[in-house]
Amino acid sequence: MLNPLIDEIFERILTKRVWKVHTLALELTNNGTITTLDEDPHRDLFKRNFLIMNALFQLQKQLAPAQYLQIASLHIELFETPQSNSLSQIDSLRDYYLNWQNYDTSITEIEALLDGFWQKFNKKNESKQQLDPHKRNALLKQWQLAEDATLKMIQKRWRQLACRYHPDKSAEDEEKFKRIREEYEQLKASCSVVQSN
């Protein structure tokens, strides 16, 4: 089945170089292209994302081999020349979203998918290099926080710094924002280690 969002998404990709799934979803919702798809908010979000991903993967196939559409939830970009990533490769994510039977997923399955995502996310964060106490204290000082700063204090300071250096405000701040984000993740991880000891 041809997804009606393909043309809408293609027009946006032509006008802006890089997109994210959630920014595409917001744009398509704000202009009335996508309306409420389910009474349950989790299923509504799932269906919205499913339709967008399905349209992206269909568009990717249509554009190949002359152009390559990179699809990742946080980075969607059209390349004018083919990339080394071939569509002939097995891609379970692409296969999932091109299967229309997955559109009407039950709330139980959606919750299981979300649980699986958060478990992977937490494992990824736990595996990040732990800060030794000296580096932690130096980083807290750099962030203008006391050595005994709580997770709540670190989160508050993160939000202040994120607002100040967000890339949407200035392209020059993109690297600084990434560095601050990494520091925040390290400080959060160090808080859980401190609290568990």
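Looking at LEU69, LEU37, LEU59 in this structure, which one is surrounded by 14 or more Cβ atoms within 10 Å (Cβ to Cβ), in a strand (DSSP E or B) and touching a helix residue (DSSP H, G or I) at 6+ places or on another chain (Cβ under 6 Å)? So that I can check it myself, show each step before the final result.
Working: LEU37 fails: in a strand (DSSP E or B); LEU59 fails: in a strand (DSSP E or B).
One residue alone meets the criteria, LEU69.
Table: residues versus (1) touching a strand residue (DSSP E or B) at 6+ places or on another chain (Cβ under 6 Å); (2) at pLDDT below 90; (3) open to solvent by less than 100 Å² (accessible area, probe 1.4 Å).
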site	(1), (2), (3)
GLU111	no, yes, yes
ASN122	no, yes, yes
LYS128	no, yes, yes
GLU147	no, no, no
CYS163	no, yes, yes
GLU175	no, yes, no
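Taking the condition within 28 Å of LYS178 (Cα to Cα), under 22 Å from the mean Cα position of the chain (by Cα) and surrounded by 14 or more Cβ atoms within 10 Å (Cβ to Cβ), does TYR97 pass?
Values: within 28 Å of LYS178 (Cα to Cα): no; under 22 Å from the mean Cα position of the chain (by Cα): yes; surrounded by 14 or more Cβ atoms within 10 Å (Cβ to Cβ): yes.
No.
Looking only at region 74-95, how many residues end up being within 14 Å of PHE57 (Cβ to Cβ), out of contact with any helix residue (DSSP H, G or I) (no Cβ under 6 Å at 6 or more places or on another chain) and either in a helix (DSSP H, G or I) or modelled with pLDDT of 90 or more (or both)?
Qualifying residue count, region 74-95: 4.
What about LYS16, is it basic (Lys, Arg) and touching a residue at least 24 places away in the same chain (Cβ under 8 Å)? Write out each step before concluding.
On the way: basic (Lys, Arg): yes; touching a residue at least 24 places away in the same chain (Cβ under 8 Å): no.
No, not satisfied.
Go through (1) open to solvent by less than 60 Å² (accessible area, probe 1.4 Å); (2) out of contact with any Pro (no Cβ under 8 Å at 6 or more places or on another chain); (3) more than 29 Å from PRO167 (Cα to Cα) for ALA64 and report which single condition fails.
Exception for ALA64: condition (2).
Condition first: within 22 Å of GLU111 (Cα to Cα) and β-branched (Val, Ile, Thr). Now tell me which residues in region 1-34 satisfy that.
Across region 1-34, the qualifying residue is only VAL21.
Hey, could you check region 1-34 for residues that are in a helix (DSSP H, G or I) and over 14 Å from ILE76 (Cβ atoms) and say which is nearest to the chain's Cα centre (by Cα)?
Narrowing region 1-34 to residues in a helix (DSSP H, G or I): 5-15, 21-30.
This time we only want the ones that are over 14 Å from ILE76 (Cβ atoms), so: 7, 29-30.
Details: ASP7: 23, THR29: 18, ASN30: 19 Å.
Only one residue fits best here, namely THR29.
The values are calculated or read from the model by the stated rules, or taken from the named source; none is laboratory data. As the structure is a prediction and not an experimental result, all values here were calculated from the model. Glycine gets a Cβ as well: all are built from the backbone with ideal geometry, and neighbour counts include every protein chain shown. Heavy atoms of the whole protein, side chains included, go into the accessibility calculation; ligands, DNA and RNA do not. Shrake-Rupley method; radii C 1.70, N 1.55, O 1.52, S 1.80 Å.
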